[in-house]
Amino acid sequence: MNHWHREFEKRRGSLQQRGTRAAHETIRSVGHTETGRYDHFLHTVSKELVAEAVDNGCDVIAFENLTGIRERMPNAKKFHAWAFRRLFEYVEYKAEVVGISVEQVSPAYTSQRCSKCGTTLRENRQTQERFCCQKCGYEVNADYNAAKNIGLKQLRSAQTSSSGGAPVNVRLNRGTLNVNGEYSPASDGGQNGSPCESPTLNEANGEAVSK
């Protein structure tokens, strides 16, 4: 989507330089084409997310709370905030049809917290792409680590809520992790390139510890 956005921006800029009526009409047409392409892509992604949730018997799909996302992402633009919101909306209504709820979780410290040992340090998030825990040495894609923390936050909040019906585990790329720290590998061995996981949770202090 970033690539498409840059290409459409270049095209609009070129048309604006012409300054003709035909160019302005073409700009409007380009805008409709751009929005249509984004919508189609986001519909596809949301459909795949919900399908995976159904395949794995999930009750909840957890997103980070999107409020203030542009402030939290230094390089994010209005376009990115729109895309995240639209994806959430598409997942939300598709999930409702199949009886899955979609929740938003506070993203506080999820990018700095190690999902394996629980250590929370700013230095853990070394780059936009890589996470490396300064305590236990756990190294993984930064978004994957943050996504695990989002899932665990939602799971813990559901466990302590009075409404009941809490989910039993967090779906990971290579298996599932429940709130008691029990890890079950995926039946296919997790053939999607994500790192193996083997964490356990210490619910007394809310931190994760390695086996």
(request) Pull up region 66-89, narrow it to residues that are of a type in the set (A, V, I, L, M) and under 16 Å from Arg6 (Cβ atoms), then point me to the one that is modelled with the highest pLDDT. (result) Ala83
(message) Given the criterion at pLDDT below 90 and on the phi > 0 side of the Ramachandran plot, identify the matching residue among Gly137, Gly118, Gly99.
(response) Gly118
(request) Considering only region 89-117, state which residues are buried (at least 19 other Cβ atoms within 10 Å of the Cβ) and among the aromatic types (Phe, Trp, Tyr). (result) Tyr90
(request) Filter region 10-61 down to residues that are touching a Phe, Trp or Tyr at 6+ places or on another chain (Cβ under 7 Å) and either modelled with pLDDT under 70 or farther than 15 Å from Arg86 by Cα (or both), then give me how many there are. (result) 1
(request) Scan region 123-142 for residues that are among the acidic types (Asp, Glu) and in contact with a strand residue (DSSP E or B) (Cβ under 7 Å, 6 or more places away or on another chain) and jot them down. (result) Glu129, Glu139
(message) For region 101-122, give me each residue that is under 27 Å from Leu87 (Cβ atoms), touching a strand residue (DSSP E or B) at 6+ places or on another chain (Cβ under 6 Å), of a type outside the set (Gly, Ala, Ser) and in a loop (DSSP other than H, G, I, E, B).
(response) Pro107, Tyr109, Gln112
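The values are calculated or read from the model by the stated rules, or taken from the named source; none is laboratory data. Only a predicted model underlies this, so the values are computations on that prediction, with no experimental measurement involved. A quick note on method: Cβ atoms are made from the backbone with ideal geometry, for glycine too, and the neighbour counts reach across all protein chains shown.
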